[in-house]
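Notes follow once the structure below has been shown.
The values are calculated or read from the model by the stated rules, or taken from the named source; none is laboratory data. Keep in mind the model is a prediction, meaning the values are calculated, not measured. Using ideal geometry, Cβ is built from the backbone for each residue, glycine included, and neighbour counts are taken over all protein chains shown. Ligands, DNA and RNA are excluded from the accessible area calculation, which covers all protein heavy atoms including side chains. Shrake-Rupley method; radii C 1.70, N 1.55, O 1.52, S 1.80 Å.
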Amino acid sequence: MTGTTVATAPKATGRVVGVWRAATLRVEACWRWYRRSWRTTLQASALQPLLFLGAMGLCFGSQVQPGPATGGYLYVQYIAPALMVSTVLTTAVAEAGKPVLSSFQWQRDFIAVTATPVTPGQLLAGQLLWITLRLLIGAVVFLLIGILLGGWVDGWAVLAVPVAVLTGAACAAPVAAYAATVRGDGHGLVAINRFVVLPMTLFAGTFFPISALPLAVRPIAWISPLWHGNELARGLTLGGLSAPAAVLHVAYLVVLLTVGAVAARRQFYRRLVV
């Protein structure tokens, strides 16, 4: 007899778990993977806001004087709320793109999960819940980096966190829906980053007010979820946001999240139910 420990397979309980438990099982599975790589991803989450806020807010921002365009605030304070939203949105699109496609196409763990009593809808709920948790971690890290770099005016900065998470989740759901339809290598997901996310970051009010854009292209910014998130986060942290405008921005993001989640649920069932 040797000292080697033989792993035993877990025994089936014979019970069908509820909706919430099924979703949290997916979160637990993702968390087990994340525990092995959290240092790398957390460093990336901290490095990005450090570089962006340092380069754009402090270095470039030192050439921008507080004025009407920045609401009278320092440039680093003007862009910090919007930059948090933009960073979280970028993370959301990344988390809902290739990882979802990989789980369908290469790792095929979605197929393994739905071979159990867990339904595609419960699996999607767990996946979106996990993405939301990742966005929350990223937003909190950005908040702390912003404090170190003087990006926040006062304690109302904490309100930018839920706004960033809502904006990211609103974008993650439709991207997950699209990823569930992809059968190839996922070049379309790369195109989303290049031709949707990047232009949104540059022209949706993150670095300058969209009133500086030509009038003809402003409607493109108005329909982008990032502009709604930017306006909401900036208004809540720096002031100047009216109640009707806040309701409009929240409603837009909630509708986008709902439509994206419904579309994703439909695509998950189409791909996973034979």
- Query: Using r as the Cβ-Cβ distance of Leu215 and Leu241, and R0 as 22 Å, what FRET efficiency do you calculate, to the nearest 0.05?
  - Reply: 0.45
- Message: At a threshold of 8 angstrom on Cα-Cα distance, excluding pairs fewer than six apart, so keeping six or more, what relative contact order does the stretch 82-234 reach in percent?
- Response: 40
- Over the chain, average the accessible area per residue using a 1.4 Å probe and give it in Å², no decimals. 53
- Normalised contact order of the chain, rounded percent, pairs of Cα under 8 Å and 6 or more residues apart: 26
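Where in the chain are the helices, taken as whole DSSP H runs, whose Cα atoms extend 18 angstrom or more along the long axis and whose Kyte-Doolittle mean reaches at least -0.5? List each step's numbers first, then the result.
Values: long enough: 19-52 (41 Å, -0.18); 75-96 (31 Å, 1.17); 120-148 (42 Å, 1.88); 160-179 (28 Å, 1.69); 225-238 (19 Å, -0.12); 243-272 (43 Å, 0.99).
Both cut-offs are met by 19-52, 75-96, 120-148, 160-179, 225-238, 243-272.
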- Query: Going from most exposed to least, what order do Phe207, Phe60 have by accessible area with a 1.4 Å probe?
  - Reply: Phe60, Phe207
- Task: Figure the gain on full extension for Arg39 and Ala251 (residue separation times 0.36 nm, minus the Cα-Cα span) and round it to one decimal in nm.
- Result: 72.8 nm
